[in-house]
């Protein structure tokens with residue numbers, strides 16, 4: 001009898017643990033829930049800027065030479081600033097409607113948004129890592 005109850009309790013605890021692990025954070029002071037880093041720099045259109053988070057959107061194309069030079073920078077920064085700033089990439093050769101949505105005239109173009117989602121800075125052409133980091137700091141990202 002006790003073996004069956006213990007087995008039942010163990011199974012119940014395991015199920016509860018799995019359910020809790022699959023739930024998003026419920027704490028009121030937790031960081032905003034945002035798409036994964038890999039998804040944000042995939043090149044696919046996103047819901048941007050991320051609410052409550054400084055966001056940098058690099059608009060370019062996977063096949064554009066200066067855009068290709070931005071790729072390793074975006075990968076490094078998306079990891080470094082995970083949970084503190086959103087780093088995104090949109091490929092406008094594959095998703096041409098996005099160029100008009102963001103008012104892009106040339107690629108690559110980087111657009112920086114503050115936590116309230118207001119555009120604060122726009123740059124056309126290649127932008128080095130040091131300049132991106134400086135702009136993120138200026139917008140309050142530590």
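The values are calculated or read from the model by the stated rules, or taken from the named source; none is laboratory data. Quick caveat: nothing in here was measured; it's all calculated off a predicted structure. Methodologically, a virtual Cβ is constructed for each residue, glycine included, from the backbone with ideal geometry; neighbour enumeration extends over all protein chains shown.
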| Here are some residues: 59, 50. Which one is more than 10 Å from the chain's Cα centre (by Cα) and within 22 Å of residue 120 (Cα to Cα)? | 59
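Please specify each residue of segment 92-121 satisfying the condition of being over 13 Å from residue 49 (Cβ atoms) and outside any loop (DSSP other than H, G, I, E, B).
Looking only at segment 92-121, we keep the residues that are over 13 Å from residue 49 (Cβ atoms), and these are 92-100, 103-109.
Result: 97, 98, 99, 100, 109.
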| query | Of the residues that make up segment 66-73, is at least one modelled with pLDDT of 95 or more and under 10 Å from the mean Cα position of the chain (by Cα)? | reply | no
| Residues (closer than 14 Å to residue 58 by Cα, touching a strand residue (DSSP E or B) at 6+ places or on another chain (Cβ under 9 Å), without any contact (Cβ under 8 Å) to a residue 60 or more places away in the chain and not in a loop (DSSP other than H, G, I, E, B)) located in segment 122-142 | 122, 123, 124, 131
| message | For segment 89-129, which positions are more than 19 Å from the chain's Cα centre (by Cα) and more than 21 Å from residue 69 (Cα to Cα)? | response | 97, 100, 103
| remark: Taking segment 41-80 and keeping residues in contact with a helix residue (DSSP H, G or I) (Cβ under 7 Å, 6 or more places away or on another chain), in contact (Cβ under 8 Å) with a residue 60 or more places away in the chain and outside any strand (DSSP E or B) leaves none
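Return the only residue of 25, 31 being closer than 27 Å to residue 141 by Cα, part of a loop (DSSP other than H, G, I, E, B), over 16 Å from the mean Cα position of the chain (by Cα) and at pLDDT below 55. Give the derivation first.
Values: 31 fails: over 16 Å from the mean Cα position of the chain (by Cα).
Of 25, 31, the one residue that is closer than 27 Å to residue 141 by Cα, part of a loop (DSSP other than H, G, I, E, B), over 16 Å from the mean Cα position of the chain (by Cα) and at pLDDT below 55 is 25.
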